[in-house]
Structures are given as C-alpha cells and as structure tokens.
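These notes concern the structure reproduced below.
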Amino acid sequence: MKSAPSSLGAWLAMLFGGVYFLLPLLATLIFSLKMRREGYSFAAYQVVLNDVNFRQSFGYSTLVGLLTIVLGIVLVVPTAYWVRLKLPRWRPLIEFITLLPLVIPAIVIVFGYLRLYGSNAWLPLTGNARGTDLLLVCGYVTLALPYLYRAVDSGLGAMDVRSLTEAAQSLGAGWRSILWHVVFPNLRSAMLSGAFLTFAIVIGEFTVASLLARPAFGPYLQLIGANRAYEPAALAMIAFAITWAAMGLLQVVTRNHRALAPPSADSD
Amino acid sequence: MTLGLEWSLTAWRRARPVRWPCAGALRLLGVAPFMLFALLFLLLPTGFLLLGAFQDAAGHFTLGNLRRLFERNVLEAFRLSLEVSAASALTGSLLGLGLALAALRAGLPAWMRPTLMTFCGVASNFAGVPLAFAFLSTLGRMGLVTLLLRRYAGFDLYASGFSILSFSGLTLTYLYFQIPLMVLIVTPAIDGLKSEWREACSSLGGSTLDYWRHVALPILWPSLLGSALLLFANAFGAVATAYALTGSSLNIVTILLYAQIRGDVLHDQNLGYALALGMVLVTGLSNAAYIWLRARAERGRE
C-alpha cells in the first residue's frame, strides 16, 4: 500500500524517541566524565566505587533484593497455582489484591507500616534493625506483587496445570513434590523474569527504605545527590547499567521461553 | 504449617478416592499464607491510615482532619500534583501511542521493534533518584543541553523562565518513564487489532482515516484511556524523582506527606492520615476507572 509516507512518519517518530531518550543518557555520561578540570576521566567513578558507603549500601540492597525475590516467589507461586487449580472463582479477588499496590502509593503503604509496626504499636517490628529489615523486605514484596503475580500467573496459563497435576498425582506425588518437581521447573522463565523485574524495582528504591531508615542504595544515592556534583552522574550511569542488565536478562529469559513454547501458543 | 496440612490432606485423599468431601474450607487453606501476608502488609496498614484520617489524637471520630485537606498549601500541593500527573499522563500516552504505532509499522528494520521494547523495559524502570540525576546533568543549571544552548544557540534556558524544579521540568522528567510505560502497555492492544479488520475496511472502500475512526479507535479507546489512567496514578504516587530533583522545595502531595512522616516540618500525625486518604482517593478513583474500562475492553474482544 502507500508505505512510503507512513514509514517516513515512523522514522521521524523513532528519531524523536531516540533523541529524547538518548540525550539525557549522553549528557549524564559526559557530565560524569568531567570531574577533572584537565579533561575527561573516570575520576567520579573511581571516587564512587571506592566509597565504603557505596559498597555497603549496594550490598545491603542486593541482599534485600534477593530476599524479596525468594519471599515473593515462595508466596506467589503456590498461591497462583492453587488458585488456578482449586479456586478459580477466587481469582478475581486475588488478582485485585495483587493489583492494589498500583493503586495505593508506596509512601502511603510505608506510612501505614510506621503506624502499625511502630515502637509503641502491637507488633513493634521497627524496634530493632532485623525487624525493620523484615518489614522492608515485606514492603518490597508488596510493591513487586503486581509484576510478580502477573508473570507467574501468565506462566501458569501457558502450561496445562490440571493435567500436569493429575499426572503427577497418579504417579503418587504429594503437593510438595508437585510444587518442587512439576510447577517450579515449568515456571522457571516466568519466575526469572519476575525476579529480574523485582530486582530492578528494589535496587534503587528510595521512599520505603528512606522512611524505614535502612542503609539502602536509594537513600545513599539521594544523599550523594544532595552533596556532590559529579558523582551523582556517575551513579546514575551505574544505576542505568544495572537496570539495563536486569531487563536484558529478562528479555533473554522470555525469548528462550518463547522458543521453547509450542508455536501455536499465541499470535506472535 | 499449611503445606503440611495440604500434604496430609492429599495423603488422606489418596487413601480414599472420594472427591473432596469437605473441600470448601480446606481448599481455602491454600491461599491462607497469601491472604495473611496481604492483610498484614497491605490491607491493614492502609486501612489503619484511612481510619486514622477520621480520628483525632485521642481516637474519637472527627471530620476535622478532612477539613484540613482544604487548607491553602495542601490544596496547592494537590493541584500541582494533579497537574503534573495529568500532563505527564496525557503527553506520555499520546507520545507512547505514536511511538508504539511507529514501531509496529512495516518499513522499519526488523531489529527496531525488539530494541525499542527492551529499551522501554529499561526506561520505564529507570525512575527515582538516578533519573533525577540524569535530568539535572541534562537540563539543570549546569546541564549539558542548557550549556550547549547558551553557547551555540545563544539561548538562555533559565532566563526564559524554564527550571528543572518546576511544573514543566518535572513533567519533562516524568515523561522519561511514562512514555516507555505507555509503549509497553499499549503494544499488546495494538497487536490485538486483526489485519482482517483493516482489509475488510479497505475492501469496503474505507480510507486509513475511516479505519482509525470507525474500527481501530473504538476498539482501542478503553485500553488507551485505561493506560493513561495507570500512567496518571504512576506519576501521582511518585516521590523519589521529585525529592531528588528538588529536595522538599517543590510543593507536591507526596513530598508534603514525606516531610510530614519524616517530621521535617510541624509534625502533625492526623494531617498525614488525611493526606494519605486524599492520595488513595485520587489513585483509587482513577484505578477503579481503569479496571472498569479494562473489563469493558476485554468483554468487547470476546
């Protein structure tokens, strides 16, 4: 058909998108290299990477991210599986709950934590550091719930839950071994993509960590941003690289999954 | 605990091949851990705040906190928040739709679409503090674009009234994650348009414009509007980007609430509750609309 004018518009749109999205990255990169007067250098990166607080907060957030992924999967996979298999009528309710964190802003949720689990509340989790860490992980699981549940549930949709379960049962498998040997292996790519997305959300998260006063990467970033000139740009590039890595791995995982899935699964 | 129960249940079931006699209540045990978690870390904390909005310091019922929502600086904060969220949601969804349509067009190299989708996945998650740093390096007072414009175009961005710490600056920054988010949400909907519909339209003599006006847009609009509402809630609840850009100098609701919780300003618990209630009302209403529209769109497709 008349493809010439329409593809010109498409090219222009992509060009606009390219400029808008790449310009800030380029500007940040250049800015991050200008710490030394005499010319471009990686000095800002050296300062950042040698900062003890950088390493500690990054390590802390990585650990919290991993714990969030584990707790999230342990919570979501059996639930989503059980709902698909035994409680299909409950699915709308469960889905609604998992979508609530998109409705209730994170700052409201963490404010609720501070009131409900504060030092003079009925369960004073914020009274000590480990309790607050637990609260932070639970908060992140809550924030990741919409993405994690969706990833796992669509993964379950792609496999025949009922037949697999009945086959396993007829071979004498109990629930634990069904979950471990049938559900988890089939959901590997769905869980991995949920995990990478969760990690990307958690690693630089600011609001919850800051209000719970935990030494996480997000509050560290904010502190550097308020006090330094060139290091924030270097940190932004590092954070972008981390996000890119998480999302890139997600793409690899889902693409492999597509390749393994039966070709008639969906339109693409 | 629950797993053990389910397990013994199965053992019992295997022993007697009767089909789930008193299954109703026992089945519910399977979702009990999730429900408990949701109750403890999502529903109760939020419910506690929403109740608190209707109580005074002594725990008696009052509407006084809600009245404080109409104080001048609170109203101003809500107004600016609503403006930034609406502007970034509207612009973001239009530009995101344009970009998604462009990427799906024939005539572009095959590598472009997956590249765009991957990049959108990254950019929609590249929010918060690092995003603020990136925009400060770009459009801040010492930002690259600001300096280049001044040196080569003789145009002083900041003298023209622009500031990264303003409505326009914040909106421009939010668009960096809003546009990609829109591309990600809307692409499946566009993919859902069957090529037969376009062919049917053109075989009946309809032009591209007719196709969009009478076929594609009526099908797409619930998901378009729904996506825009999701973008709106996304911007409305954002804290980190604005805080890292401006500290607490910009008067938007999330920053006001953040300051209240931190006790930076006059510490007033119940005003905090009322702010939280106001925020949940705004995002709740917009998301209720989203869910409703989504259900409608899906019903239309079946």
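The values are calculated or read from the model by the stated rules, or taken from the named source; none is laboratory data. Just so we're clear, the structure is a prediction, and the values are computed from it rather than from any experiment. Glycine also receives a Cβ, built like all others from the backbone with ideal geometry; neighbour counts cover every protein chain displayed.
Tabulated values for the structure
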| quantity | calculated |
| --- | --- |
| Answer from B:Ala259, B:Ala235 - the residue that is more than 8 Å from every other protein chain (Cβ to nearest Cβ) and in contact (Cβ under 8 Å) with a residue 12 or more places away in the chain | B:Ala235 |
| Test set (1) facing another protein chain (nearest Cβ under 8 Å); (2) at pLDDT below 85 - B:Leu104 fails condition number | (1) |
| Helices (runs of 4 or more DSSP H) contained in segment A:69-174 and holding at least 3 residues more than 24 Å from B:Phe232 (Cβ to Cβ), more than 10 Å from chain B (Cβ to nearest Cβ) and of a type in the set (D, E, K, R) | A:129-158 |
| Qualifying residue in segment B:115-136 (condition: over 30 Å from A:Gln251 (Cα atoms), within 11 Å of another protein chain (Cβ to nearest Cβ) and without any contact (Cβ under 8 Å) to a residue 24 or more places away in the chain) | no |
| A:Gly39, sole failed condition from (1) assigned to a helix (DSSP H, G or I); (2) on the phi > 0 side of the Ramachandran plot | (1) |
| Residues (closer than 17 Å to B:Val280 by Cα and surrounded by fewer than 21 Cβ atoms within 10 Å (Cβ to Cβ)) located in segment B:84-105 | B:Ala86 |
| Condition met for B:Pro218 (buried (at least 19 other Cβ atoms within 10 Å of the Cβ) and in the same structural domain as B:Ala103 (by TED's automatic domain parsing)) | no |
| Single residue of B:Ser137, B:Ser160 found to be over 20 Å from A:Phe31 (Cα atoms) and small (Gly, Ala, Ser) | B:Ser160 |
| Verdict on B:Leu90 being touching a residue at least 12 places away in the same chain (Cβ under 8 Å), within 11 Å of chain A (Cβ to nearest Cβ), assigned to a helix (DSSP H, G or I) and of a type in the set (A, V, I, L, M, F, W, C) | no |
